[in-house]
1. Given the condition in a helix (DSSP H, G or I), away from the ligand (no atom under 16 Å from the Cβ), more than 16 Å from the chain's Cα centre (by Cα) and polar (S, T, N, Q), answer yes or no: does some residue in the stretch 238-261 qualify?
2. When you check E61 against the structure, is it among the acidic types (D, E) and more than 26 Å from Q168 (Cα to Cα), yes or no?
3. Going by what's in this entry, would L21 be described as under 20 Å from H323 (Cβ atoms), within 16 Å of the ligand (Cβ to nearest atom) and at pLDDT 95 or above?
4. Which one of the conditions (1) more than 26 Å from M1 (Cβ to Cβ); (2) touching a residue at least 12 places away in the same chain (Cβ under 8 Å); (3) surrounded by fewer than 24 Cβ atoms within 10 Å (Cβ to Cβ) does L199 fail to meet, given that it meets all the rest?
5. Find the residue count for the stretch 283-306, including only residues that are surrounded by fewer than 24 Cβ atoms within 10 Å (Cβ to Cβ), more than 15 Å from the ligand (Cβ to nearest atom) and either modelled with pLDDT under 95 or not in a loop (DSSP other than H, G, I, E, B) (or both).
6. Scan R138, R162 and give me the residue that is within 15 Å of the ligand (Cβ to nearest atom), of a type in the set (D, E, K, R) and either outside any strand (DSSP E or B) or closer than 20 Å to F69 by Cα (or both).
7. Can you tell me which residue is surrounded by the fewest Cβ atoms within 10 Å (Cβ to Cβ) among those in the stretch 49-70 that are free of Cβ contacts under 8 Å to residues at least 60 places away in the same chain and away from the ligand (no atom under 16 Å from the Cβ)?
Amino acid sequence: MELQSLKDIAKQMMAGNKGLLAMDESTSTCNKRFEALNIPQTEEYRRKYRELIVTTPKLEEAISGAILFDETIRQSTANGKLFIDILKEKGIIPGIKVDEGAINMDGFPGEKITEGLDNLHNRLTEYYKLGARFAKWRAVITIGNNAPTSGSIKANAFLLARYAIICQEVGIVPIVEPEVLMDGNHSLKACADVTNEVLHTLFNQLYQQRVNFEGMILKPNMIVPGLESPQQDNADAVADATINCFLRCVPASVPGIAFLSGGQSPELASERLNAMHVRFKDKMPWALTFSYSRAVQQPCLEKWNGKDENVAEAQRLLYERAHINTIARDGKYTPELEHQMA
Ligand code: 13P
């Protein structure tokens, strides 16, 4: 393992006030988002959409790394230029999603387990040759009746840790993503308790599997109430619950934390990231940024709607959403910005 090189990549991923762009939706997830907007669910339309994203003017001013999907890392623009080469020219580090999705966990009704360890070393070696310098694996934790169980938390944490050490051996920085889902009517406190348990278990497993904390990035959920919870706490409460939990659970040697958005609106995802920076500016040992998919892409996808004539305006919206999150990372976001940008 070349630790210095892993540290250098992680540092670049977390540089300045930039964030990571998750554009690694699997074919089925991408098709689902297209279907909701009546966009044709074909390889060519997925290619067109990803071309729109990677050719967005000024994207590199707000985005330090982009997470791709296997289909996308091999695709090119209509002019025949590989997406990965466009990203590299812009100074955006290419990353790759390597998990193969979360399936129902046998023996644990209502819970999920992530697949993808088989042949992972060889797959990562190929992705490295293609130009990927970081990877992502997402574990899914559900809050519900008698869930999550410690059995599912441990199994998911173990798989994340095996994935992470394999990445590091190949020279790839692992993004370790344990996502506690927002679905349900649970409280902020319930999300905090589960996230606390998940992160403690995860870092124990990462340690046992000899993962180097300096050469990884954590991609967690924010601590938020369930989407159907009657009490929707404000951004300051979310910021306090989230960062206080991380201060207890995430070692200071981890260089960066980059949030998933998980179904929050774009505005809330920015406002909450901002509140964390305002309230904990000098108290956080790690860099703290965004790695959103929906909260950065959704306005752009809706504007594009599969139509070539909408590409320029959709690209403007993508850049703006990414840019607004860089402002939140500086702790300078205000809701008024939303109107100025619109
Ligand atoms: P969302 O921001 O849409 O939650 O996606 C982030 C991600 O990468 C999920 O794995």
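1. yes
2. Judged against the criteria, E61 is a match.
3. Considered against the rule, which asks whether it is under 20 Å from H323 (Cβ atoms), within 16 Å of the ligand (Cβ to nearest atom) and at pLDDT 95 or above, L21 comes out as yes.
4. (1)
5. Total meeting the criteria: 3.
6. Sole residue among the options that is within 15 Å of the ligand (Cβ to nearest atom), of a type in the set (D, E, K, R) and either outside any strand (DSSP E or B) or closer than 20 Å to F69 by Cα (or both): R138.
7. E60
This table checks each residue for (1) closer than 14 Å to K219 by Cα; (2) surrounded by fewer than 20 Cβ atoms within 10 Å (Cβ to Cβ); (3) touching a Phe, Trp or Tyr at 6+ places or on another chain (Cβ under 8 Å); (4) of a type outside the set (D, E, K, R).
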position: F158; (1), (2), (3), (4): no, yes, no, yes
position: V176; (1), (2), (3), (4): yes, no, yes, yes
position: A190; (1), (2), (3), (4): no, yes, no, yes
position: T195; (1), (2), (3), (4): yes, no, no, yes
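The values are calculated or read from the model by the stated rules, or taken from the named source; none is laboratory data. Bear in mind the structure is a predicted one, so any value in this text is a computation, not a measurement. Every residue, glycine as well, gets a Cβ built from its backbone with ideal geometry; the counts of neighbours run over all protein chains shown.
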